[in-house]
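**Student:** Take a look at the following structure, please.
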Amino acid sequence: MHTILRVAGVALLGTLAGRATAQPPTAHPDWDQAYTRAIREATTDPSFFTELVDHLPVSATVPSPLAFFGHIAGAPDHLTYAADVARYMRALAAATPRVRVFSIGTTEEGREMIAVAVADERLLAGIDEIKAAHRRLADPRACPPEEAARLVASTPPVYLLTGALHSPETGSPEMLMELAYRLAVEDTELIRSIRTQVVTLMVPVAEVDGRERMVDLARWAQAHPEANVPPLVYWGHFVAHDNNRDGAGLALALTRNVLELVLAWRPQVMHDLHESIPFLYISGSTGPVSASLDPLLVAEWDRLAIHEVQELTARGVPGVWYHGFSDNWAPSYLDWVGTWRNAVGLFYETF
């Protein structure tokens, strides 16, 4: 289930940390053997296996999704409520100083939205200083060039991921739970380099109200296999697909909560995760491009996208592409909350 998201989940962060090692063996003493076996049983095609994600590391102290839920993240016929995603992320934070969970506001229906930071414990111990440095860098009126150069050299970047904005696109919260665990636990050179050089910030469920309704509907359908299952009329509070058209209007609580998060953290990348087309589309600079954007930011879209396409294609992952799906004119999408504030706003489409 949602195998491409699992594959891409590590590759996107590898963009900031370099190339991984060669294909690993089929077993390793540092791997969770039961989890690894379940990944391979649930993956539908061997071309989706890479050394990045064909296993999960084992930990004696940090709970994996399998240990916490009784099944792997993304297991067939299992969707996780947003409230349970938050419970799992808080279990990670309770088990390791490499994970922190932050409440970032509530929805129209009173449900909590969370953000999760994963990094080396040294970085998270200084997270307030990191956030303050990025806020300084974001305002050249308050940050002279000499200070900016010093802060750039000494401050780790923040990579923000947002999931489950569109409720029928169900895979990203599952993948982000596994990614949070992997980044906190795994001891490979690639993961260590990410963990020590990047603060990975996640909003695992952006549309919390819609996620709970979607899981309700999926479970009802499983309990009534002969029934004609209607689609959700609304995902959030009287909103459906157009919750991703609120980047400028800020009519929704979720958009305002994400905006406040972006203003507090000033991430360098904001990456929104979607699922609509095969196999993996990585957003690029397809025009027309809004004249409000700096050409350097537009160039960064292609720089990151091409790197990811090369990394995944080199590993034999099929159907990874980056140009021609969506233009960059309308400032209404959620990732534009970051783009308009000089983050590199990206999105994935997969299925």
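**Student:** From (1) surrounded by fewer than 18 Cβ atoms within 10 Å (Cβ to Cβ); (2) in a loop (DSSP other than H, G, I, E, B), pick out the condition that doesn't hold for LEU293.
**Tutor:** (1)
Rundown of residues vs (1) more than 24 Å from GLU349 (Cα to Cα); (2) not acidic (Asp, Glu), yes/no style:
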| residue | (1), (2) |
| --- | --- |
| LEU124 | yes, yes |
| ILE127 | yes, yes |
| ARG136 | yes, yes |
| GLU147 | yes, no |
| LEU151 | yes, yes |
| ALA164 | no, yes |
| SER167 | no, yes |
| THR196 | yes, yes |
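**Student:** List the helices (runs of 4 or more DSSP H) that sit entirely inside the stretch 86-163 and contain at least 2 residues that are in contact with a Pro (Cβ under 8 Å, 6 or more places away or on another chain) and over 22 Å from VAL337 (Cα atoms).
**Tutor:** Of the helices (runs of 4 or more DSSP H) lying wholly inside the stretch 86-163, those with at least 2 residues that are in contact with a Pro (Cβ under 8 Å, 6 or more places away or on another chain) and over 22 Å from VAL337 (Cα atoms) span 121-125.
**Student:** Say whether the condition of being over 25 Å from the mean Cα position of the chain (by Cα) and either within 22 Å of VAL158 (Cβ to Cβ) or among the β-branched types (Val, Ile, Thr) (or both) is met by at least one residue in the stretch 219-230.
**Tutor:** Yes.
**Student:** Just give me the residues in the stretch 305-347 being in a loop (DSSP other than H, G, I, E, B), surrounded by 15 or more Cβ atoms within 10 Å (Cβ to Cβ) and of a type in the set (D, E, K, R), in sequence order.
**Tutor:** Scanning the stretch 305-347 gives ARG315, ASP335, ARG341.
**Student:** Only one residue in VAL99, VAL118, VAL85, VAL53 is crowded, with 21+ Cβ neighbours inside 10 Å and at pLDDT below 95. Which one? First the steps, then the outcome.
**Tutor:** On the way: VAL99 fails: at pLDDT below 95; VAL118 fails: at pLDDT below 95; VAL85 fails: at pLDDT below 95.
Exactly one residue qualifies, and that residue is VAL53.
**Student:** When the stretch 126-157 is examined, which residues are found to be under 22 Å from the mean Cα position of the chain (by Cα) and of a type in the set (A, V, I, L, M)?
**Tutor:** ILE127, ILE130
**Student:** Just checking, how many residues over the stretch 192-239 are touching a residue at least 12 places away in the same chain (Cβ under 8 Å) and either hydrophobic (A, V, I, L, M, F, W, C) or assigned to a helix (DSSP H, G or I) (or both)?
**Tutor:** 28
**Student:** Conditions: (1) at pLDDT 90 or above; (2) exposed (fewer than 14 other Cβ atoms within 10 Å of the Cβ); (3) under 21 Å from the mean Cα position of the chain (by Cα). GLN33 meets all but one. Number of the miss?
**Tutor:** (3)
**Student:** Report every pair of residues separated by at least 6 positions or lying on different chains whose Cβ atoms are under 7 Å apart, first residue within the stretch 66-79 and closer than 15 Å to LEU56 by Cα, second loosely packed, with under 15 Cβ neighbours inside 10 Å.
**Tutor:** Matching pairs, first to second residue: LEU66/ALA34.
**Student:** Right, something else. Does GLU260 meet the test of being out of contact with any Asp or Glu (no Cβ under 8 Å at 6 or more places or on another chain) and free of Cβ contacts under 8 Å to residues at least 24 places away in the same chain?
**Tutor:** no
The values are calculated or read from the model by the stated rules, or taken from the named source; none is laboratory data. Everything numeric in this text was worked out from a predicted model, so none of it was measured. All Cβ positions, even for glycine, are placed from backbone atoms using ideal geometry, and neighbour counts span all protein chains on display.
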